[in-house]
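Engineer: One structure coming up, written as structure tokens, with questions to follow.
Bear in mind that the values in this text are calculations on the coordinates, not laboratory data. It should be emphasised that the depicted structure is a prediction, and the values quoted were computed from it without experimental measurement. As a convention, Cβ positions derive from the backbone with ideal geometry for all residues, glycine included, and neighbour counts pool all protein chains shown.
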Amino acid sequence: MIRLSNSETEKILEALSSSVGNSAKVKHELFDHWCCFVEAAMSNGSSFEQAFEQLKVHFDIEEVKAIEENYLAYHPGTPWMTTLQRVGSMAAMLIFLVVAGVDAQKRPDISPVFDQYPISSGFGDRIHPIAKEVQHHNGIDLRVPMNTPIRTTADGTVVKTETHPNGHGLHIIISHTGGYETLYANLSRASVSVGQTIVKGEIIGESGNSGLSTAPHLHYEIRHNKKPVNPEVYISK
Amino acid sequence: MYSKELLKGTLRTIVLKLLAEHGTMYGYEITQKTKELTGGKIVLTEGALYPLLHKLEAEGYLVTNTQSIGKRIRKYYELTPEGDEKAISLSNEFADFVQTVIYLLNPSLAPKT
């Protein structure tokens, strides 16, 4: 089986982004799907350029529109809903919240990265690697290589993307229900903007080495009612 | 290829049944398997498949597992116990429906009552 090179993968991602935009809910699935399609065509003897042309023919803009429409049709909560449906689903949500309780359902309970990486610095008091004095570490540092995709750990809304060269570097803060907030710091890239609604597991950027940092890593923090808590306790094994 | 209208009601049954038979699968694999098993007569478009998978996940019939492959992210889908049950009940219902329609279209084949 042929595996696409990085530059070929990039080319497919560009084509995808220009047809579905960055907000599409099914973008990650489509990206892999398109790559598989091209790889299969190449395994059958096509060159990358030929396979890429076949992809464009196979997957025209009408198809893209159909995905968005299908998605809307399947997912209440989007603008196509009538007022009546909106009221109905809000009432249902309210009942759900009362019955199920939001805390256990929505708390950030997955790892911010897809694979397992060592924790280079845990939560709690530690000697700061640059300040060389004892400070409380409000999160955990995961030793991830540069440009590793970072995902959000619960549904939420982006409340901050900022760069602090003498602190967290490029970082993203996401607000969740139940009084939770998560912080992802020392990034190289943020692919979301303030106000954007994010679903659990969605990729929000890439890890890096920005801010006060001695080596590439991800600083990940969970705050519950503004107070930092130990993320290791929350990440389900 | 069959008409969209004809496929619409069966898509869910097809996807659930495939996952029940094959365990964990990713999106492209599901489309290829369907093509292979039906000799190319049923083609699942991405436009229909991915929104449906999202919906099935939201309904609790499947869970996803994500792996990164270089710059790509691959999502694997797997049925929950509820999904397994649903796959059985939907495919039984559908088989029964097909039988009924065959009798309806060919009354001579219907069992005498």
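Engineer: Pull up the cross-link candidates among the lysines for residue B:17, meaning alpha carbon to alpha carbon under 20 Å and not fewer than 8 places away within one chain.
Structural biologist: B:4, B:8, B:33, B:35, B:41, B:55, B:75, B:86
Engineer: What list of ³J(HN,Hα) couplings, whole Hz, do you get for region A:133-144 from phi and the Karplus terms 6.51, -1.76, 1.60, once you set θ to phi - 60° and write x for glycine and proline?
Structural biologist: 9, 6, 9, 7, 8, 7, x, 10, 9, 9, 7, 9
Engineer: Now for a different question. Pull out the extension gain between residue A:49 and residue A:109, defined as 0.36 nm times the separation in residues minus the alpha carbon to alpha carbon distance; nm, one decimal.
Structural biologist: Working it through step by step, the gained length comes to 17.4 nm.
Engineer: Mind checking the mean number of beta-carbon atoms from other chains within 10 Å of the Cβ atoms in A:30-43?
Structural biologist: Numbers: counts 4, 4, 9, 12, 3, 6, 8, 4, 0, 1, 2, 0, 0, 0.
Mean inter-chain Cβ contacts per residue within 10 Å come to 4.
Engineer: For the pair residue A:57/residue A:134, report the inter-label distance in nm, with labels modelled 7 Å from Cα in the Cβ direction.
Structural biologist: Result for the modelled spin labels: 7.1 nm.
Engineer: Can you give the convex hull volume per residue for the Cα atoms of region A:158-211, as a whole number of Å³? Let's see the in-between values first.
Structural biologist: Numbers: hull volume 3.6 nm³, N = 54.
Dividing the Cα hull volume of region A:158-211 by its residue count gives 68 Å³.
Engineer: Turning to a different aspect of this structure: Excluding residue A:205 itself, calculate the net charge of residues whose Cβ lies under 13 Å from the Cβ of residue A:205, where each Lys or Arg counts +1 and each Asp or Glu counts -1. Walk me through the numbers before you get to the answer.
Structural biologist: On the way: positive: A:151, A:160, A:189; negative: A:162, A:202, A:206.
Net local charge, residue A:205 excluded: 0.
Engineer: Please build a GNM for chain B, connecting alpha carbons under 10 Å apart, and tell me which residue among B:42, B:73, B:88 fluctuates the most.
Structural biologist: Residue with maximal mean-square fluctuation among B:42, B:73, B:88: B:73.
Engineer: Between residue A:15 and residue A:143, take the C-beta separation as r, use R0 = 51 Å, and let me know the FRET efficiency to the nearest 0.05. List each step's numbers first, then the result.
Structural biologist: Details: r = 34 Å, r/R0 = 0.66.
The computed FRET efficiency comes out at 0.90.
Engineer: Right, here's the next one. Given the rule -39500 (n - 2.57) for each run of at least 4 DSSP H residues, summed and divided by the residues of chain B, what is its mean residue ellipticity at 222 nm, to the nearest 500 deg cm²/dmol?
Structural biologist: Details: 5 runs with 66 residues, N = 113.
Estimated from H runs of four or more residues: -18500 deg cm²/dmol.
Engineer: Could you compute how fast region B:26-80 diffuses translationally, taking Rh as the Kirkwood radius over C-alpha pairs and applying Stokes-Einstein at 37 °C with viscosity 0.692 mPa s? Give it in µm² per second. Numbers along the way, then the final one.
Structural biologist: Numbers: Rh = 12.1 Å.
In µm²/s, the coefficient rounds to 271.
Engineer: For peptide B:26-33, how many partner chain Cβ atoms fall within 10 Å of a residue's Cβ, on average? Write out the running numbers ahead of the final one.
Structural biologist: Working: counts 4, 7, 9, 2, 1, 3, 3, 0.
Shielding by partners across B:26-33 averages 4.
Engineer: Label-point separation (nm) for residue A:1 and residue B:104, each offset 7 Å from Cα along Cα-to-Cβ?
Structural biologist: Taking the two extended label points, one gets 4.1 nm.
Engineer: How much length, in nm to one decimal, is gained on full extension between residue B:2 and residue B:97, taken as 0.36 nm per residue of separation minus their Cα-Cα distance? Don't jump to the answer; show the numbers that get you there.
Structural biologist: Details: separation 95, 0.36 × 95 = 34.20 nm, distance 1.73 nm.
Gain on stretching residue B:2 to residue B:97: 32.5 nm.
Engineer: Where in region B:36-113 are there GluC sites (Glu not before Pro) that are in a DSSP coil and have at most 10 other Cβ atoms within 10 angstrom of their Cβ?
Structural biologist: Working: sites: B:36, B:46, B:57, B:59, B:78, B:82, B:85, B:93; in loops: B:59.
Nothing satisfies the criteria.
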